[in-house]
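First comes the structure, then the notes that go with it.
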Amino acid sequence: MTDKRIRYIEEGFFRVLMFFSTTGIVLTLLLILFSILMKGLPSLSWEMLSQTPKGGFYYGKEGGILNAIIGSLYLSLGSTILAFVIGLPVALFMNIHLIRYKRLVNAVRFFLDLLWGVPSIVYGAFGFSVMIYFGIKASLIAGIVTVTVFILPIMIRAIDEALKTVPRGLLESTLSLGATRSETSYRVYFRQSFSGIVTALLLSFGRAIGDAASVLFTTGYTDHIPTSLNQPTATLPLSIFFQLSSPIQEVQNRAYASAVVLTIIILIISLSVRYFEKRFHKHKIKF
Amino acid sequence: MDRPAKIVIKDLNLYFGKNHVLKNVNVQIPEHKITVILGPSGCGKTTLLKSLNRLIDLNPNVKVSGSILIDEEDVLHTRKDITQIRRKMGLLAQRPYPLPMNIFNNVAFGLRISGRRNQLMLKRRVQHYLEQANLWNEVKDRLKDSATSLSIGQQQRLCLARGLSVDPEIILADEPTSALDPLSSMAIEQKFVELKKNYTIVLVTHILQQAQRIADHVIFMYMGEVLEQGSADEVFNHPKHEITRNFIKGNFN
């Protein structure tokens, strides 16, 4: 066989491989989405979205999951904002102020990646033990703090990856103008990697709103909508969990309807944030 | 040299890790002239330029000894704020790096960080510096447009205007025409010749013809050493060193 034929066979093999893995993944995701919609949509009603659980909700009687919707939004928006406020300076510091200390920064990256892989129940247990130490009860604020710690590694690393793509020449040019490193950080790097930062926000938000284990002990569960940070709070993933564990078919179907709600929330937030990003991001310099 | 030297470099040695990049560099750069640092790629020209405004600080494992006196102040060992020193020197990089904002703000950025925030004044100064860089007529109707909408040549002039906006005394140019077409390159060269009245210009290039066209003072570098320095006439017409002679004749490898 000639060299040329081997190359063609190689090309063909990998193309088929890539085609099947891509379609395989997309089909699986579509299947999940489809099964959620199939089982969930029939049970989805305005009552479910607009009411808190009444007595007997978990036995198939009336009520809705408004408590979990509001609770999840409070919790994940709160922790995403908090993680952003902490994570952005960390990522900027790593990429601009510590640019000379490559090894140190790479070590930090390594540990953040490790933390990223730690299961969320560990964060939940950690948060719970800290709460016991300080004598705090399960509450919205405890959940927000725990989830913030849980999504911080993702937030920092995702922003970090975006900042890494900013070319060195831009840093040199800005510093040459006599800008301080902070001015460079917030006025130049932030703008230049805005779309990456938005992606980081969405990734973190998605992880925050979809996680059940980290909030299991820390926020607790309630049928009421919280009116203060010190009250326990319901969340959608836990609500889904409790409804799915019911033996009653109708309640199980409502679990799928709740999953549809969760999916739609993520969809709405993603699309609207992307829309705003486009309007804000026309000045990005392409290198 | 009829004027006193603006920049005096004494016994400068620089290492990146174990790599000895600049070897015993002793150089004088005269005021209000175009000094060209000439030499083949990888000879340390850019590193020498970037040590002037201490951009080498950004590199890991960099070791420097010697001194760089700018207006008799040692920038390597100064207690002054580094941003004050950098503000004295505008940098024009190998390719333009406009800021991710609109054309007006690109120039106004420099003014704002030096504390000028009066809107009317900003407008007047931005126009002034864009005119200085011969860009005003092309962009006056589209100041709100993104800097990316400009051509590369225009972007480089925008960067020049931005560099001038912080009112430097020295212009450091690191092969500023290497990404540009011949016409834009000529525009930048001509600009330099005009600007030398008011600024001290240090230009790094590996293009011999460019050096011959605009240099007043030439520093020839090879493998991290300064082989030759003097007026353009001296270096180009009466080179002392064999390697310089070959480089100028063009049979260099």
Compactness relative to 2.2 N^0.38 Å, alpha carbon Rg of region A:49-280:
1.17
Starting from the alpha-carbon convex hull of the protein assembly as shown, give the projected area averaged over all orientations, in nm².
35.8 nm²
For a test of understanding, tell me how many lysine pairs in chain A have Cα atoms under 23 Å apart, given they are 8 or more places apart or on different chains.
8
Keeping to pairs on different chains or 8 or more places apart, tell me how many lysine pairs in region B:119-235 have Cα atoms under 23 Å apart.
4
What percent do you get for the relative contact order of region A:173-287 when only Cα pairs under 8 Å and 6+ apart count?
26 percent
Cα long-axis angle, helix A:194-210 against chain A (0 to 90 degrees, to the nearest 10):
30 degrees
Note to self: Kirkwood Rh of region B:155-253, Cα pairs, one decimal, Å, is 14.6 Å
How do A:87-94, A:24-31 rank on mean C-beta neighbours within 10 Å, highest first?
A:87-94, A:24-31
Counting other C-beta atoms within 10 Å, which of A:Phe150, A:Phe194 has the fewest, and how do the rest follow?
A:Phe194, A:Phe150
Neighbour-limited loop hits for trypsin sites (Lys or Arg not before Pro), region B:147-200 (at most 16 other Cβ within 10 Å; DSSP other than H, G, I, E, B)
B:Lys197
Grab the other residues whose beta carbon is less than 14 angstrom from that of A:Gly87, score K and R as +1, D and E as -1, and report the net.
+1
In degrees, nearest 10, the alpha-carbon axis of helix A:120-134 is tilted away from the dominant principal axis of the alpha carbons of chain A by 70 degrees
Dimensionless Rg ratio for region B:1-54, taking C-alpha atoms and the 2.2 N^0.38 Å reference:
1.21
Calculated P(r) of region A:3-43 - Cα pairs past 16 Å, %:
56 percent
The local net charge around B:Leu52, scoring Lys/Arg +1 and Asp/Glu -1 for residues other than B:Leu52 whose Cβ lies under 11 Å from its Cβ, equals +4
Bins of 10 Å, starting at 0 and running to the largest distance - Cα pair percent for chain B
7, 30, 34, 21, 6, 0
Would you mind pulling out the separation of the Cα centroids of region A:228-287 and region B:16-69, in Å?
55 Å
Here the alpha-carbon Rg of region B:63-157 over 2.2 N^0.38 Å rounds to 1.31
Could you please report the charge total around A:His283, scoring K, R as +1 and D, E as -1 over all other residues with beta-carbon less than 10 angstrom from its beta-carbon?
+2
Selected from A:Ser185, A:Ser270, A:Pro153, residue furthest toward positive end of dipole (chain A; charges at beta carbon)
A:Ser185
For region B:192-235, with only Lys/Arg (+1) and Asp/Glu (-1) charged at the beta-carbon, what is the dipole magnitude about the Cα centre, in debye rounded to 20?
220 debye
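Equivalent ellipsoid semi-axes for region A:169-287, as square roots of 5 times the alpha carbon gyration tensor eigenvalues: give them largest first, rounded to whole Å.
Calculated on Cα positions only, the semi-axes equal 43, 17, 11 Å.
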Which one, B:Ile37, B:Gln229, B:Gln119, is farthest towards the positive end of the dipole of chain B when Lys and Arg carry +1 and Asp and Glu -1 on their Cβ?
B:Gln119
Set of aspartates and glutamates with alpha-carbon distance to B:Lys33 below 12 Å, sequence-local pairs under 8 removed:
B:Asp2, B:Glu169, B:Glu194, B:Asp216
Summing -39500 (n - 2.57) over the DSSP H runs of n ≥ 4 in the protein assembly as shown and dividing by its residue number, what mean residue ellipticity at 222 nm do you reach, to the nearest 500 deg cm²/dmol?
-17000 deg cm²/dmol
Folded to 0 to 90 degrees: helix B:182-195 orientation relative to chain B principal axis, Cα
90 degrees
Kindly work out what percent of the DSSP beta bridges joining two residues of the protein assembly as shown are antiparallel, to the nearest 5.
60 percent
Per q in 0.15, 0.23 Å⁻¹, report the Debye log10 I(q)/I(0) for region B:213-253, using one uniform scatterer on each alpha carbon and no solvent.
-0.31, -0.73
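We did not get these values from a lab; they are worked out from the coordinates using the rules stated. What you see is a predicted model, and the numbers here were worked out from it, not measured in a lab. Quick reminder, even Gly has a Cβ in these numbers, built from the backbone with ideal geometry, and neighbours come from all protein chains shown.
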